[in-house]
Amino acid sequence: MRPLGDTTKFYINGAWVDPVSPRLHDVINPATEEPAGTISLGSAADVDRAVAAARAAFPAFAATSVAERLALFARIVERFKARQADLAAAVTAEMGAPKWLAWDIQTASSIIYFEDAAAVLKDFAFETLKGPTLITHEPIGVCGLITPWNWPLNQIVTKLAPALAAGCTVVLKPSEVSPLSALILAQVMDEAGVPPGVFNLVNGTGPEVGHAISAHPDIDMVSFTGSTRAGVQVARDAAETVKRVHQELGGKSANIVLPDADMDLAITDGVKRCFINSGQSCIAPTRMFVHRDQQADVIERAKAVAASVVVGDPTLSTTTMGPQAYGGQYRKVQGLIEAGIAEGATLIAGGPGLPSGLNRGFYTRPTIFADVDPDMTIARQEIFGPVLSILTYESEAEAIRLANDTLYGLAGYVYSRDLQHARDVASRIRAGRIFINNPPFDFNAPFGGYKQSGNGRELGEHGMREFLEVKAVLGYAVGEAS
C-alpha cells in the first residue's frame, strides 16, 4: 500500500490543508484493535472553508460541457484503477472487510458506479422542448455528502459520481470510523485533475461536521446514508434552510421463501446475503420467512451454511467474514443476540461471544435464530450484524403481511421456481428494491427505500436526477412553429 501521507489534513479547494483547530482521532483496525491511522476531527469552521471553495467553484463547473465532464470521468476511472490495491487495503484496515470483499465488491463496484454515471451523463437530455416551453435540468449547486462506515467507498461514489455528472460541487464528510479510503479517493480526484473546489473533504463527527453541513445556508442539498435516527436529525438540521434532503437509511429486509422454491438456492443465498460484510448491509435479508411445514428442513440447511463461514483475519484469502467495523457496533450486536435468547428464540447457530480461536478483534459468531416471533426485538430492530431470524407462515397472505409489518422498506427478496408467482409476491412487498431468485446485480437499478428507509433514489438516471433542478422556460419557442 502506497503511503497515505499526512492523514490529519483535509482536502479543500484543490489542496491539502491543516484543520482550523486540530483534534486527533485514531482510526482503529477492528481485527487487531490497534490504530490503523490517525485523522483530525474537523469543525464548523473547516466546513465553512470547504463550502466557500465549493460555492466559488460551482459556476464554472456547472458550465462545463458534457464532453468535458466525460473526459474528467475517464481520468478519475483511470486513476481509481491505478490505486485500487491501495483503496482495498485501506478498506480492510479501517473496517475489517475481508481481502476478497474489499477488492471484488467494496472497490470494484465504485469503479462501475463512476463508469455508469458517465454513461448516464452521455445520454441524458438536459433540455427538452414541450410545445412552446423549454424544460431544462440544471445542477442543484453545492452538495453536502455524509456517508457511512459499512461500505465506505461504495456509498461515497454512489453520491459523488452522479453529483459530478450533474455539474454540482461537493463537500464530503466520510465516517470517522472508516475515513482512510476516502483520503485516498481525494488523492485520486486530485491526480485526475478535478478542478479546485469541485471536490472537498472534511473529516469529523456527525454531531459536529455532519450538523454543520446539514444546516449550512450555502449548501443546496444534503445526501445522507446512515441510520434512520441520524437521518431524522439531518432532516431537522436542513429544514431551516429548506434544502433538498436525500436519505438512504435503515432496513429490516424480508426474504420470502415460497414453498415451491429451490431450497438449495434460497437458503444458501439467503443466509450468505445476510452475513456478507459481517451483516453490515442495510439491504441484508435478516428476516427469512418460510412455510411452517418446511421449517425443520430450512433449519438444517441454514445451520450448514453458517458452519461454512470462515471468520477471522480479513487479510487472509481464506477468510470469508471479518469483524464488526468498530467496538460500539460489536457491543450493540452482542446485546441484540442476548436479547434474542432472553426473549425465547431458538438459537440454532452462533450466539454471543467471540468465535472459537479468536481472542481479540470485534468478531461476531455467524448467528441464526429459529422460532422467532414477529414482535421479538431481533425481528424488529436493525441489528447490522451477522444475525438471521427465521420466521414461519401458514399462508402466502400472512407471509406478505408480516414482511410489510416493519418501519422499514429498503429491500425485499422472493424465491420461487414459478417466476410469475415470484413477480406477483414481489409486487406486494412495500420496499424500494426487490430481488427474485438471486438475480445478477444491476448497477443501474434505482436504490432507495419506502417508509423510514429514506427518500429519493441512487444509481442510474434516477440517481443523477436527485442532483438536478428542473426549470421551465415558458414562451421559449413562441412563434417558431410557424
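The values are calculated or read from the model by the stated rules, or taken from the named source; none is laboratory data. These numbers come from a predicted model, not from an experiment. We place every Cβ from the backbone using ideal geometry, glycine too, and count neighbours over all the protein chains shown. Side chains included, ligands, DNA and RNA excluded: accessible areas come from the protein's heavy atoms. Shrake-Rupley method; radii C 1.70, N 1.55, O 1.52, S 1.80 Å.
Descriptive notes on the structure:
- Over segment 211-270: Kirkwood hydrodynamic radius from C-alpha pairwise inverse distances, Å: 13.9
- 3J(HN,Hα) from dihedral phi, segment 330-344, Karplus parametrisation 6.51/-1.76/1.60, rounded to Hz, x for glycine, proline: 4, 5, 5, 5, 4, x, 6, 4, 4, 5, x, 5, 5, 8, x
- Taking label positions 7 Å along the Cα-Cβ direction at both Ser227 and Ala339, the computed distance is 1.1 nm, reported to one decimal.
- Extension gain, Asp18 to Ala56: 0.36 nm times the residue separation minus the Cα-Cα distance gives 11.7 nm.
- Spatial separation of Cα centroids for segment 407-482 and segment 179-201, in angstrom: 29
- Couplings 3J(HN,Hα) of segment 449-463, computed from phi: x, 8, 6, 7, 8, x, 8, x, 9, 10, 6, x, 5, 4, x Hz, in residue order, whole Hz [Karplus 6.51 cos²θ - 1.76 cosθ + 1.60, θ = phi - 60°; x for Gly and Pro].
- Each part reduced to its alpha carbon centroid, segment 203-224 and segment 84-111 end up 26 Å apart.
- Within straight-line reach of Lys471, meaning a Cα separation under 26 Å, sit the following lysines at least 8 residues removed in sequence or on another chain: Lys122, Lys130, Lys159, Lys243.
- Dividing the convex hull volume of the alpha-carbon atoms in the chain by its residue count gives 146 Å³ per residue.
- Relative contact order %, segment 199-331, counting alpha carbon pairs below 8 Å whose residues are six or more apart: 17
- Simple spin-label estimate for Asp262 and Ala235 in nanometres, 7 Å along Cα-Cβ: 4.0
- On the chain, 54 percent of the accessible area sits on carbon and sulfur atoms, based on a 1.4 Å probe.
- Dimensionless Rg ratio for segment 116-167, taking C-alpha atoms and the 2.2 N^0.38 Å reference: 1.46
- For Ala349, distant residues with modelled amide H under 5 Å away: Ile368
- The relative contact order of the chain, computed from alpha carbon pairs under 8 Å that lie at least 6 residues apart in sequence, is 19 percent.
- Using the Cβ-Cβ distance between Arg417 and Phe443 with R0 = 30 Å, the FRET efficiency computed as 1/(1 + (r/R0)^6) comes to roughly 0.65.
- Using only the C-alpha atoms, the convex hull of segment 273-335 corresponds to 106 Å³ per residue.
- In straight-distance terms, cross-link reach from Lys332 covers every one of the lysines whose alpha-carbon lies under 26 Å from its own, apart from those fewer than eight places away in the same chain; here that gives Lys99, Lys173, Lys252, Lys272, Lys303, Lys451.
- The amide H of Leu468, built 1.01 Å from its N in the peptide plane, has Ile140 as neighbours under 5 Å, considering only residues 5 or more places off or on other chains.
- The Asp6 and Leu316 beta-carbon pair, evaluated with R₀ = 35 Å, returns a calculated FRET efficiency of approximately 0.70.
- Expected 222 nm ellipticity per residue - DSSP helices of 4 or more, -39500 (n - 2.57), all of the chain, to 500: -11000 deg cm²/dmol
- 0 to 90° range, to nearest 10: angle between helix 84-95 axis and the chain longest Cα axis: 60
- With the convex hull constructed from alpha-carbon coordinates only, segment 90-198 shows a mean projected area of 7.7 nm² over all directions.
- Per-residue extension of 0.36 nm, minus the Cα-Cα distance of Lys332 and Thr133, leaves a gain of 66.1 nm for this segment.
- Rg/Rg_globular for segment 323-482, with Rg_globular taken as 2.2 N^0.38 Å and Rg from C-alpha atoms: 1.44
- Its residue count N fixes a reference of 2.2 N^0.38 Å for segment 27-118, and the Cα radius of gyration divided by that reference is 1.40.
- Solvent-accessible surface of segment 90-208, taken per residue with a 1.4 Å probe and all protein chains present: 24 Å².
- Derived value for segment 213-342: Kirkwood hydrodynamic radius 17.6 Å. Basis is the mean of 1/r over every pair of different alpha-carbon atoms.
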